[in-house]
Amino acid sequence: MKRLSNLFALLLLWTSGTFAGECSLRGTGDLGVVIERASGSVQIIETSGNTAIARVTGLGDLSHASVVYSRDERYAYVFGRDGGLSKIDLLCARLVKRIIQSGNSIGGAISQDGSLVAVSNYTPGGVKVFDADSLELVADIPATWGNGRRSKVIGLVDAPGERFVFSLWDAGEIWIADMKDPKAPKITRFRQIGRNPYDALITPDGRYYIAGLFGEDGMALLDLWHPERGVRRILDHYGRGEKKLPVYKMPHLEGWTVAGGRAFVPAVGLHAVLVIDLATWQEVGRIPVYGQPVFVEARPDGREVWVNFAFPNNEKVQVIDTESLKVVDTLEPGKGVLHMEFEPRGEEVWISVRDRDRVQVYDTASHRLVRELPAQKPSGIFMTWRAHETGL
C-alpha cells in the first residue's frame, strides 16, 4: 500500500506540472514552451488538455528570448539575450546543455535538415553556427562592413538549400550563408538595401526574404529563387504625409499572414496593419487598429488575423477579418500582452499576459477565454509545430 501511495503521489506531481527531470513516454506534437522572462525559466505546456507539465530553470537572461525545435520535436533550443544558447529535452523536462556564445544575442534558427543551429548576435556582431546535437561551434561568421566594423545581426531565418539568411542593422545589408559545407560557409552579400533593417521574415514557401526598415519607410525584398536579381524595395514611403509616433517596441515580422493572395504586416510608428498584394508587392489596403502593432498573427486557416500592441496600449488584442479587412473584435486580456501562439490547427490561441503573470487560452471561434495558467512574467510562446515550418 505504501508503494502504491508513493507511485500515486509521483503521478500527481507529474500531472500537476511540478515534477520535472523524469522522462515521459508520450508524443511531442501537442507540446510547447512559455518563456518566463523574469525568472530565466520556461514552462513546458501541452495543448490537448491545456496544462503546464513542468518548469525548466537556469536559462539566464530571457528578456528577448526565442525558440526553435529539433525536427523530431523533442528538443527546444532557447536563444537568450545574454548570448546563452540552451538545449532543453521536452520529454525529460531538463536542461541538456547551455553555452554562452556571445555577449548579446537576438534570436536564431535551425537548418533545413535539423543538423545546425545558428545564432544572430549583437555583440560581437555576426552569426555563430553550432552542431545541433552537441552545441559545438561549427562556424563563426563575423558581420564585418566598412572599415572592419562589426554590425548587429537581426532577422536570421533558415531557408531551403541548407541556407541561413540574415540582415545587418548597422550596415544596411542582407547576407545569405550557404551551409552545405558547414565548415566553409559560402556568403553572398547584398549591400545598400536601406537604413537599419530591424526584423525580417521569409515567406512560408521559403522563396521571399523581406526585411523591414526602421531608418526609412519601406521594406527590402530578396527573391531566393533568383538572388542574382538583387534586392527590390517595396512599400516605399508608406508613411508619407503621416506623423510617425514614438516607437516603444519594434514590430515583429515573423508572424505575418497570407490570405487570399495578400499579406498583412505591422506598420512602424503607425496605428495600422498594412495589406500587401503578393502578385505586385504593392500596398492595397490599410487597417486602422488600436495601437502600434507588434505581432500580426494568422490563424492557421488564414480567416482571421490577431494583433497585439506596444506600450502603452498593450492590454488589448484585436481580431481582423481577412475578407472584409475590418476589425471584428477587441479583447482585453490585461496589461502586458506580449505574444500570441495558435495551436497547430487553430482552434485555440495562447496569449501571454506579463503584468498579470498569466497565460490565457482563447477559443478562436467564439473569441472566449477558456483557460488561464499561472506563469512568471510570461513573454514568448512557442509550440512544437514550428519544427516543420520554414523560417520559424
Gain upon complete extension [Gln376, Glu136; 0.36 nm per residue less C-alpha separation]:
83.3 nm
Nearest 5 is fine: what % of DSSP beta bridges in the chain come out antiparallel, could you say?
100
Roughly how many Å is it from the Cα centre of the range 350-377 to that of the range 49-103, as a whole number?
21
Given (1) 21.3; (2) 24.2; (3) 22.8 as candidate values of Kirkwood radius over Cα pairs in Å, which corresponds to the one derived from the coordinates?
(1)
Per GNM of the chain with C-alpha springs under 10 angstrom, the most fluctuating residue out of Arg94, Arg368, Arg191 is Arg368
Have a look at Arg262, Arg81, Arg149 and tell me which one the Gaussian network model of the chain (Cα, springs below 10 Å) gives the largest fluctuation.
Arg149
For Cys23 and Thr330, extending 7 Å from Cα along the Cα-Cβ vector and measuring point to point gives, in nm, a value of 5.2
Name the residue from Ser115, Ser102, Val289 whose Cα lies farthest towards the positive end of the charge dipole of the chain, charges +1 on Cβ of Lys and Arg and -1 on Cβ of Asp and Glu.
Ser102
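Quick check on the range 101-248: take the gyration tensor over C-alpha atoms, sort the square-rooted eigenvalues as a ≥ b ≥ c, and tell me if it's rounded (a/c under 1.5), prolate or oblate. Intermediate values should be presented prior to the final figure.
Numbers: a/c = 1.93, a/b = 1.52, b/c = 1.27.
It comes out prolate by the Cα gyration axes.
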Flagged links, alpha-carbon separation over 31 Å, of Lys87/Lys377; Lys87/Lys326; Lys97/Lys152; Lys152/Lys326; Lys97/Lys183:
Lys87/Lys326; Lys152/Lys326
Which semi-axis lengths, in whole Å and largest first, follow from the square roots of five times the eigenvalues of the Cα gyration tensor of the range 326-369?
17, 13, 9
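Between Asp205 and Asn104, what length in nm is gained on full extension when 0.36 nm per residue of separation is reduced by their alpha carbon distance?
Details: separation 101, 0.36 × 101 = 36.36 nm, distance 3.05 nm.
Extra length from Asp205 to Asn104 when fully extended: 33.3 nm.
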Quickly work out the Arg189-to-Arg303 label distance, labels modelled 7 Å from Cα along the C-beta direction, and quote it in nm with one decimal.
4.9
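Each reported figure results from applying straightforward, stated rules to the coordinates on display, with no laboratory input. It should be emphasised that the depicted structure is a prediction, and the values quoted were computed from it without experimental measurement. Methodologically, a virtual Cβ is constructed for each residue, glycine included, from the backbone with ideal geometry; neighbour enumeration extends over all protein chains shown.
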